[in-house]
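Structure first, commentary second.
The values are calculated or read from the model by the stated rules, or taken from the named source; none is laboratory data. This is a predicted model, so every value here is computed, not measured. Counting neighbours? That spans all protein chains shown, and the Cβs are built from the backbone with ideal geometry, glycine included.
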Ligand SMILES: *Cc1c(COP(=O)(O)O)cnc(C)c1O
């Protein structure tokens, strides 16, 4: 009997080793990884540069606590703010914690203005994490059910609907922020209309609200730019990053700019592990590699290539509703629940994921080669056609 609480349904495979875009199971079978630990291992498994940085740091100093100066945290803060165009950062250990920090910033912003019920506008279909505040912010009933009472202060509108955001403002004078994902990740790779983020940016500026972007899945070159907001020049006031930041070492960051950058004063937030030397050393190595390899360009080019290949093979096939993607964040929406595709792909030696019930999701590592990208296209198309029963 397992002593681990059964919160996950797990595929029947155990990986024991990885290298680049490949994983090996306990029987020595090799798999091409088109999920990268859910957008985490963007630089591939057992990346030698990252492994070296981690090993070196582990042999020097892993943790001291935030009661002392941490030089690596200062350096990571500087590098991350530079690439993100932000002013300050708070480090935690996960995406959910980064969003918790963002939510607390919005509350402080409102409370400083003497608002009694500061409200954050959030969207349907969103995912922001599994802590109480972040699951309350998420637009997914399934992850909220059973945990009532939920955290209040969120006002939900449909995704990709600026008019709905404007309408909330007419009725609620206590709005302080808008929290959105630039592309819905867990929600099924939903890409908003061009101009969505730019219009939200303009509206937030006009009203004095904080634009808070959850770039935990989209950030760090995944969508073909360093951050997805750059596609529209929609510079946020608050932005959260995690997943790829440590290439597997747990770390999350909440970045802020302008007025929001100075809201967290002494004693307002904290984390025992947050920004420890080991995690910061790993993240510094990740940023250095991403910049040196121009991975945003790579993700844009390979993403186009995979999207074109999948579209050619699957568009118009009965049962396929839409093939879509932005950089190396791709989805194939079917007309029926398709969890089974994960197991069918596994049997063919490929790792993919199914999200929002009906969408096959691909988040390959950014280091995949052109032939590996081609292989993903072929195996995914064959698996989906096989699942749908078309030849
Ligand atoms: C994964 C994810 C989170 C939660 O991150 P955790 O590290 O699992 O807490 C939040 N927001 C988005 C958009 C995500 O993709």
Discussion item. So, residue 250, is that one in contact (Cβ under 8 Å) with a residue 40 or more places away in the chain and part of a loop (DSSP other than H, G, I, E, B) or not?
Written reply: yes
Discussion item. Can you go through 349, 275 and tell me which one is surrounded by 22 or more Cβ atoms within 10 Å (Cβ to Cβ), touching a strand residue (DSSP E or B) at 6+ places or on another chain (Cβ under 9 Å) and in contact (Cβ under 8 Å) with a residue 40 or more places away in the chain?
Written reply: 275
Item to complete: Tell me which of these residue 272 doesn't satisfy, since it passes every other one: (1) out of contact with any helix residue (DSSP H, G or I) (no Cβ under 8 Å at 6 or more places or on another chain); (2) part of a helix (DSSP H, G or I).
Response: (2)
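When you check residue 93 against the structure, is it closer than 28 Å to residue 327 by Cα, modelled with pLDDT of 95 or more, surrounded by 19 or more Cβ atoms within 10 Å (Cβ to Cβ) and away from the ligand (no atom under 16 Å from the Cβ), yes or no? Outline the logic, then answer.
Numbers: closer than 28 Å to residue 327 by Cα: yes; modelled with pLDDT of 95 or more: yes; surrounded by 19 or more Cβ atoms within 10 Å (Cβ to Cβ): yes; away from the ligand (no atom under 16 Å from the Cβ): no.
Judged against the criteria, residue 93 is not a match.
Evaluate the following for residue 99: is it closer than 22 Å to residue 266 by Cα and away from the ligand (no atom under 16 Å from the Cβ)?
Values: closer than 22 Å to residue 266 by Cα: yes; away from the ligand (no atom under 16 Å from the Cβ): no.
Spelling it out, it is not the case that residue 99 is closer than 22 Å to residue 266 by Cα and away from the ligand (no atom under 16 Å from the Cβ).
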Response to the item:
If we keep only residues of segment 114-147 that are free of Cβ contacts under 8 Å to residues at least 24 places away in the same chain and closer than 25 Å to residue 197 by Cα, then the residue farthest from the ligand (Cβ to nearest atom) is 141
Discussion item. Being within 16 Å of the ligand (Cβ to nearest atom) and either surrounded by fewer than 24 Cβ atoms within 10 Å (Cβ to Cβ) or under 19 Å from the mean Cα position of the chain (by Cα) (or both) is true for just one of 246, 224, 267. Which residue is that?
Written reply: 246
Discussion item. Can you say whether residue 379 is assigned to a helix (DSSP H, G or I), surrounded by fewer than 22 Cβ atoms within 10 Å (Cβ to Cβ) and either in contact with a strand residue (DSSP E or B) (Cβ under 6 Å, 6 or more places away or on another chain) or on the phi > 0 side of the Ramachandran plot (or both), as far as the supplied structure shows?
Written reply: yes
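Test residue 120 against the criterion of being touching a strand residue (DSSP E or B) at 6+ places or on another chain (Cβ under 6 Å) and over 16 Å from residue 99 (Cβ atoms), and give yes or no.
no
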Discussion item. I'd like to verify a number: residues in segment 306-321 that are at negative phi and surrounded by 15 or more Cβ atoms within 10 Å (Cβ to Cβ), how many?
Written reply: 9
Practice prompt. Give the residue, chosen from 324, 298, 294, 361, that is surrounded by fewer than 21 Cβ atoms within 10 Å (Cβ to Cβ), under 30 Å from residue 80 (Cα atoms) and in contact with a strand residue (DSSP E or B) (Cβ under 6 Å, 6 or more places away or on another chain).
Written response: 324
